[in-house]
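Working notes for the structure below.
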Amino acid sequence: MAISYSSLHYRSKKNDSNLIEALSQKAKDFPREGFRKAFDRLRNEGLKDNHKRVHRVYKKMGLCLRRKHKKRLPARVKVPIVIPKQAHLSWSIDFMSDSITNGRKFRAFNVIDDYNREVLFIENDYSIKSSRVIWVLNHLVNKHQIPKEIRMDNGPELIAKRLQLWSKVNDIKLQYIQPGKPTQNSLIERFNRTYRESVLDSYLFDNIDQVREQTNLFIKDYNEVRPHDALGGQPPVLWKYGQQTSAQISAFPDHITTINNNNIKN
């Protein structure tokens, strides 16, 4: 076969057991340090092997750490918030996180109308992916109407290609804020504070159903009863439909006095 006898029967005499043991100990003691730190530590302890041999054994042991690459986002242009002149022209969306009593985390996906700060929807679940976001938005579009734009941050669920495609199909502009600038989405950030203080930080939840139940009660009170400073002390729904007069009459019937014109003296 034209193969050298010595090559055919050669067996490597390399013994990496000591190096494997040393690298295993370094990986156990310093799990977040990579190859370079491990090699330098061993060198400082008197290791004579060069970096090529150590790196070969390091890779063979499967100790390489996965490097997290920073996601490259397209340039985001700062766009000031303009309050629309009618409902369902501009929405704001955002995510929040909390945990139940056993430590399991859950998320809240919030949607509000920029026109009157009305809460359109709050989705609570242990995991909310981009497909769930699209389901919620489709539900709101069918219930109300298609908005012209939706303001959001650069979360992974919100920059997904699936959501980008959905926005193009429905002719909706996704207005992304600049990274690290939550004040550019201040309307929903202010709402998030109220929701956290009124619900998430005020109750201990044992399961996700309790979160949903209390959230639904909060939404009803927030939209229909709770006064809003930016709306002249009126709740969003009553302000939207101009029912503040009827709300005052129904809320304070005992304070209404009927004046008889015959009793008025000139």
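The values are calculated or read from the model by the stated rules, or taken from the named source; none is laboratory data. Not measured: the values here are computed from a predicted model. Note that we place each Cβ from the backbone using ideal geometry, even for glycine, and neighbour counts take in every protein chain shown.
Couple of notes before you dig in:
- Residue within segment 152-166 that is out of contact with any strand residue (DSSP E or B) (no Cβ under 8 Å at 6 or more places or on another chain) and either outside the structural domain of residue 220 (by TED's automatic domain parsing) or part of a loop (DSSP other than H, G, I, E, B) (or both) present: yes
- Any hit, segment 3-16, residues being without any contact (Cβ under 8 Å) to a residue 40 or more places away in the chain and touching a helix residue (DSSP H, G or I) at 6+ places or on another chain (Cβ under 6 Å): no
- A search for C-beta distances below 6 Å between a residue of segment 87-104 that is at pLDDT below 95 and any residue that is in a strand (DSSP E or B), counting only pairs 6+ apart in sequence or on different chains, returns 87/113.
- Selection within segment 1-45 - within 17 Å of residue 63 (Cβ to Cβ) and of a type in the set (Gly, Ala, Ser): 17, 22, 24, 27, 34, 38
- Residue match in segment 53-76 (condition: closer than 30 Å to residue 109 by Cα and surrounded by 10 or more Cβ atoms within 10 Å (Cβ to Cβ)): yes
- Listing of helices (runs of 4 or more DSSP H) fully contained in segment 184-266 that carry 3 or more residues being under 27 Å from the mean Cα position of the chain (by Cα) and at pLDDT 90 or above: 186-195, 208-224
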